[in-house]
1. If I ignore ligands, DNA and RNA and count only protein heavy atoms, how much of GLU96 is accessible to a 1.4 Å probe, in Å² to the nearest 10?
2. May I ask which of LYS74/LYS776; LYS366/LYS579; LYS235/LYS547; LYS148/LYS301 have a Cα-Cα span longer than 27 Å here?
3. Starting from 0.36 nm per residue, how many nanometres of slack lie between ARG711 and SER322 once their C-alpha separation is accounted for?
4. When the chain is fully extended, how far beyond the present Cα-Cα distance does ALA355 get from ILE586, taking 0.36 nm per residue of separation?
5. Going highest first, how would you order 744-753, 393-402 by mean Cβ packing within 10 Å?
6. Just grab the label-to-label distance for PHE236 and VAL791, each label 7 Å out from Cα along the Cβ direction, in nm (one decimal).
7. Placing +1 on the Cβ of each Lys and Arg and -1 on the Cβ of each Asp and Glu in the chain, which of THR134, ALA355, ILE508 has its Cα farthest towards the positive end of the resulting dipole?
8. Accessible surface of SER372 in the full protein assembly, 1.4 angstrom probe, to the nearest 10 Å²?
Amino acid sequence: MRWIGNGKLFLLLFALISPLYALSQQAKITGTISDSLGKPLYGVTVAVFGKPAGTTTNDVGFYSLTVPANEPLKIVFTYTGMKSDTTVVRLEAGEEKTINHTLRRTIYQIKEFTIHDRSLKRVNLEPINPKIVTVIPTPNQSVEDLIKTMPGVSSANELSSSYSVRGGNYDENLVYINDFEVYRPLLVRSGQQEGLSVINPDMVSDIYFSAGGFDAIYGDKLSSVLDITYRKPHKFGGSVSAGLLGGSLELENRSPNKKWYWMTGFRYKSTSYLLNTFDTRGDYKPSFGDFQVLTGYEFSKRFSVELFGNYARNNYSLIPESRETNFGTISDAKRFTVYFEGQEADRYRIFSGAASFTYRPSEKTKLKLINSRFDTREEENFDILGQYFLDQLENDLGKDNFGDVAFNLGVGSFLDHARNRLEGMVYSTEHKGEYIGEKILLQWGARFQHEDISDRLHEWYYNDSSGFSVPTPRDSVNPQITLNDVVIARNTQVSNRYSGYLQNTWLISDTAHFSITTGVRAQYWDLNRQLVVSPRISVRYAPPSRKNLVLRASGGFYYQPPYYRELRGLDGTLYPDTKAQKSIHIVLGSDYTFLALGREFKLTSEVYYKFLENLIPYKVDNLRIRYLPQYTSHGYARGIDFRLFGEFVPGAESWASLSILQTQEDLKGDAYYVYYNAEGEEIISGYTFDQRAVDSTRIEPGYIPRPTDQRVTFGLFFQDFLPSFPTYKMQLSLLFGTGLPFGPPGKNRYTDVLRTPNYRRVDIGFSKQLIGEDVKKPHSRFFGKFESLWVGIEVFNLLQVSNVASYNWITDITNARQYAVPNYLTSRQLNIRLNAKF
């Protein structure tokens with residue numbers, strides 16, 4: 001007992017002495033930070049590189065920071081608009097040192113009016129750092145992978161660059177490169193077929209994104225806009241990257257007289273390494289490549305010409321062998337086994353080009369003429385025969401055959417056939433102009449667009465399992481087999497669109513940074529003979545008394561006249577009189593900047609409501625959107641988005657996004673009947689009368705979730721490094737989304753009320769910087785020419801989550817029940833990457 005008492009006394013003394021010992025191993029630095037004129041600076045971040053210690057200066061520029069003793073420390077001083085600076089100190093325990101510092105302003109070689117142009121031109125868009133694309137650890141490593149982590153954006157397929165924004169599908173997103181609109185292939189069914197994104201991240205200089213409420217200068221889509229600018233080189237340079245999934249090469253230069261510049265990029269990608277993790281075993285041969293070139297000549301300060309070209313060749317080949325998928329729960333587990341014959345061969349050839357001519361009659365006025373063309377040739381060819389078995393697995397833990405097949409539930413075969421060809425051409429000529437006044441930015445534009453699309457469809461699906469396809473008794477001598485999902489059509493669509501816009505931005509107050517943007521755009525399409533007019537407005541206000549707060553509001557009318565795919569029904573029939581979809585946006589937001597961990601963070605939040613009218617309903621199968629243009633619907637989308645952005649670790653940008661969404665629609669004329677027999681038992685439900693029925697009930701489905709109704713999404717991009725070895729870095733990308741609605745095949749939207757499992761995806765990368773800012777440049781003649789060089793290893797799907805892309809629907813031998821068999825996405829896989837810039 002005496003020993004226990006002494007032990008308690010020892011613990012008490014240890015608890016009291018430990019903090020004193022820790023304090024004795026610390027030191028303190030204090031001082032004042034000012035600018036080059038001697039004026040104290042408020043809010044300067046003073047941090048210890050590689051350590052969590054940090055603080056900020058007060059109103060008189062004074063700071064005080066406790067730091068570790070007896071070790072060399074790099075003190076970093078950062079302030080917006082000033083050039084960051086560092087100093088190295090080593091202090092003894094208990095030592096206090098005064099370090100006064102002067103920060104100098106960052107000087108940009110750019111004309112004053114251009115600065116005003118940028119500050120007024122994109123007040124309603126969110127900038128994104130393009131350098132992060134080169135380090136994000138995802139299979140695509142694309143700009144779109146960054147967009148997927150933004151608030152309001154969701155994606156449930158890591159193989160695709162597609163994304164949905166605030167309840168819209170990916171056909172509702174605008175994408176621009178150097179002021180001209182770019183397009184996607186039309187026949188892609190799944191992520192493994194899609195190939196490379198049209199945006200080459202090695203050539204990008206600026207990324208701007210809006211999830212809604214965007215200005216009238218942007219085109220006629222319902223959901224979002226992604227505005228990409230390729231850089232204009234200033235000297236010779238380039239970059240190269242290589243990995244297990246492919247590689248890229250980018251070169252750029254400018255002539256000695258600084259008038260001519262060029263930049264070119266080549267990319268190659270093969271995802272067979274990833275696709276081999278699918279449940280379906282076989283010979284995967286995906287091959288994707290593209291070549292892009294940007295060149296321009298500046299004849300004078302007033303006149304310049306720029307050319308852009310892109311050619312993409314995407315091939316996807318598959319010879320499937322077998323598949324084994326386990327699904328269900330522990331108490332009700334099933335196995336779907338398939339043996340295949342046949343193959344699939346898809347080809348996509350895409351060319352896009354643009355020529356722009358820019359003339360500046362004065363420093364305040366810019367006139368631009370853009371001619372662009374998009375050509376696509378797409379083929380789908382497959383004949384795949386599958387023989388499948390649906391089995392019940394043993395769930396009794398006490399039996400030796402636990403997890404093995406207990407008994408068979410169904411046997412069947414299917415044959416999937418397609419010979420589809422699509423050729424499309426979109427040509428446009430467009431004028432854009434802008435005038436920059438002292439406190440205004442006036443922008444206008446007019447555009448003519450010609451479309452010519454030829455589509456040949458020949459596809460069908462045959463399933464001989466119980467209840468799917470049986471011989472018809474019309475001719476006993478020559479019985480016929482009924483095929484499923486038969487689509488045989490030849491479509492041609494030639495049309496013209498005329499559009500224009502006018503927009504003005506007023507800077508009401510310099511002190512309060514109060515600006516208002518109003519604009520209107522209009523479009524006429526000669527195919528459905530409809531004129532749509534879209535007024536829009538946005539307001540931005542920074543209260544003078546709250547320098548760290550910005551309030552925003554935007555709204556307006558957004559119309560989306562249908563493109564070819566929206567006009568084509570499930571059976572291939574075109575509905576050319578389909579009118580434009582309509583959305584009314586109301587968006588309220590704020591940007592709040594605050595200090596934490598000795599650094600500056602920014603919290604953005606937006607709440608929105610969208611009134612949706614004249615919608616074209618659709619069903620989603622993997623990446624294939626199948627529209628129902630014979631119907632229309634009205635609905636809504638509402639939600640709230642948050643994004644926290646800053647340096648959670650000093651010197652490394654990171655952010656987290658959280659979104660809550662609800663979107664629903666009510667189809668017109670989708671009422672159906674439930675039929676009952678004489679015993680009161682339900683026989684069938686649908687649109688067709690059953691002669692066995694003696695009674696029926698009419699059902700109005702009302703509002704049902706839209707296919708993109710993903711209630712909660714969370715995105716995270718995080719960077720870190722080892723404090724003592726800052727050249728060893730880590731990047732992490734995390735995506736979470738609740739389940740999406742789905743249902744059995746067919747045109748009945750009211751059946752799409754089931755939910756997929758939650759989408760959970762974590763990708764992580766570890767890298768070592770061999771050449772760069774934190775590494776002494778080697779004296780080697782070869783390696784000395786590199787600006788940066790790093791090697792890394794990445795782990796895709798770190799948590800080994802089986803995410804679902806789509807479902808196959810199978811019936812058992814009694815035809816009493818249908819089973820949705822999940823098609824899983826990629827499993828955990830490693831990748832090695834090498835990146836170099838010179």
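1. Looks like 120 Å² after rounding.
2. From the list (LYS74/LYS776; LYS366/LYS579; LYS235/LYS547; LYS148/LYS301), the Cα-Cα distance tops 27 Å for LYS366/LYS579; LYS235/LYS547; LYS148/LYS301.
3. So the extension gain works out to 136.5 nm.
4. The ALA355-ILE586 span can extend by a further 79.6 nm.
5. The packing order, highest mean first, is 744-753, 393-402.
6. 2.7 nm
7. Going by the charge dipole, the pick is ILE508.
8. Number for this one is 20 Å².
The values are calculated or read from the model by the stated rules, or taken from the named source; none is laboratory data. For clarity, every value in this text was computed on a predicted model and none was experimentally measured. So basically every Cβ, Gly included, is an ideal-geometry build from the backbone, and we count neighbours across all protein chains shown. Keep in mind that these areas ignore ligands, DNA and RNA; they rest on the heavy atoms of the full protein, side chains included. Shrake-Rupley method; radii C 1.70, N 1.55, O 1.52, S 1.80 Å.
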